[in-house]
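I'd like to ask you about the structure that follows.
The values are calculated or read from the model by the stated rules, or taken from the named source; none is laboratory data. Nothing here was measured: the structure is a model prediction, and the numbers come from that model. Every residue, glycine as well, gets a Cβ built from its backbone with ideal geometry; the counts of neighbours run over all protein chains shown. Just so you know, the surface numbers come from the protein's heavy atoms only, side chains and all, with ligands and any DNA or RNA stripped out. Shrake-Rupley method; radii C 1.70, N 1.55, O 1.52, S 1.80 Å.
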Amino acid sequence: MKAHSASLLNAILLIGLSAWGYLSSETPSITALIPAIIGLLLVLCNKGVKNENKVVAHIAVLLTLLVLIGLIKPLTGALGRNDSMAVIRVVIMILSTIVALVFFVKSFIDARKKRAKEMN
């Protein structure tokens, strides 16, 4: 899987799962849509990531890292409420975000190797 594909899949999961959490909540909070907003931004970055635009790729990585850090609090809240569906949603978002980060790092390493090889 390429970084742009992993990022797009992550974005779709962030949008869908956070919207599901917001809509299924008895007391919805607008903050539940933060992953969806970041997911939308990642969708907008996807073409640049696919075209290997360094700036856009780094912005996408930063957004991905921020959402990963930001999902820790919702996970602890869902665990505290014993809300198993919320835990599952947040864990899926965390796992997809980690996978996307792994593919970003791999693509950065591959790009660096490619540049080094071209210089020789």
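For the stretch 49-62, indicate whether the set of residues that are of a type in the set (S, T, N, Q), assigned to a helix (DSSP H, G or I) and open to solvent by less than 80 Å² (accessible area, probe 1.4 Å) is non-empty. Give the derivation first.
Step one: list which residues in the stretch 49-62 are of a type in the set (S, T, N, Q), which gives 51, 53.
Filter once more, so that each one left must be assigned to a helix (DSSP H, G or I): none.
Taking every residue of the stretch 49-62 in turn, none turns out to be of a type in the set (S, T, N, Q), assigned to a helix (DSSP H, G or I) and open to solvent by less than 80 Å² (accessible area, probe 1.4 Å).
Could you please find all residues in the stretch 83-120 being within 18 Å of G48 (Cβ to Cβ) and aliphatic (A, V, I, L, M)?
Hits for the stretch 83-120 are A100, L101, V105, A111.
Among the residues of the stretch 64-80, are any surrounded by fewer than 20 Cβ atoms within 10 Å (Cβ to Cβ), among the small types (G, A, S), free of Cβ contacts under 8 Å to residues at least 12 places away in the same chain and assigned to a loop (DSSP other than H, G, I, E, B)?
no
Among all residue pairs at least 6 apart or on different chains, which show Cβ distances below 9 Å where the first residue, located in the stretch 90-104, is within 12 Å of I72 (Cβ to Cβ) and the second is among the polar types (S, T, N, Q)?
Filtered contacts from the stretch 90-104: M93/N10; M93/S18; T97/N10; T97/T64.
May I pose another question? If only one of S96, S107 is modelled with pLDDT of 95 or more and surrounded by 16 or more Cβ atoms within 10 Å (Cβ to Cβ), which one is it? Don't jump to the end; show me each part of the working.
Working: S107 fails: modelled with pLDDT of 95 or more.
After applying the criteria, what remains is S96.
Would the stretch 21-30 turn up any residue that is more than 20 Å from M1 (Cα to Cα), buried (at least 16 other Cβ atoms within 10 Å of the Cβ) and of a type outside the set (F, W, Y)? Step through it out loud before you land on a result.
The first filter runs over the stretch 21-30 and keeps only residues more than 20 Å from M1 (Cα to Cα), leaving 21-30.
Filter once more, so that each one left must be buried (at least 16 other Cβ atoms within 10 Å of the Cβ): 21-22.
This time we only want the ones that are of a type outside the set (F, W, Y), so: 21.
For the stretch 21-30, residues more than 20 Å from M1 (Cα to Cα), buried (at least 16 other Cβ atoms within 10 Å of the Cβ) and of a type outside the set (F, W, Y): present.
So, I34, is that one out of contact with any helix residue (DSSP H, G or I) (no Cβ under 6 Å at 6 or more places or on another chain), in a helix (DSSP H, G or I) and in contact (Cβ under 8 Å) with a residue 12 or more places away in the chain or not? Show your work before the answer.
Values: out of contact with any helix residue (DSSP H, G or I) (no Cβ under 6 Å at 6 or more places or on another chain): yes; in a helix (DSSP H, G or I): yes; in contact (Cβ under 8 Å) with a residue 12 or more places away in the chain: yes.
Yes; evaluated as a whole, the condition is true for this residue.
Just checking, how many residues over the stretch 81-93 are open to solvent by 40 Å² or more (accessible area, probe 1.4 Å) and within 24 Å of I37 (Cα to Cα)? Give the derivation first.
If we filter the stretch 81-93 for residues that are open to solvent by 40 Å² or more (accessible area, probe 1.4 Å), which is where we start, we get 81-85, 88, 91-92.
When the remaining residues are screened for being within 24 Å of I37 (Cα to Cα), the result is 83-85, 88, 91-92.
Number of matching residues: 6.
Moving on. What is the number of the single condition among (1) at pLDDT 95 or above; (2) open to solvent by less than 30 Å² (accessible area, probe 1.4 Å); (3) more than 30 Å from R112 (Cα to Cα) that I37 does not meet?
If we test I37 against (1) at pLDDT 95 or above; (2) open to solvent by less than 30 Å² (accessible area, probe 1.4 Å); (3) more than 30 Å from R112 (Cα to Cα), just (2) comes out false.
Find the residue count for the stretch 13-31, including only residues that are within 19 Å of M85 (Cβ to Cβ) and either in contact (Cβ under 8 Å) with a residue 40 or more places away in the chain or not hydroxyl-bearing (S, T, Y) (or both). Let's see the steps before the verdict.
As a first pass, look at the stretch 13-31 and keep what is within 19 Å of M85 (Cβ to Cβ): 13-29, 31.
Within this subset, residues satisfying the condition of being either in contact (Cβ under 8 Å) with a residue 40 or more places away in the chain or not hydroxyl-bearing (S, T, Y) (or both) are 13-21, 23-24, 26, 28.
Qualifying residue count for the region: 13.
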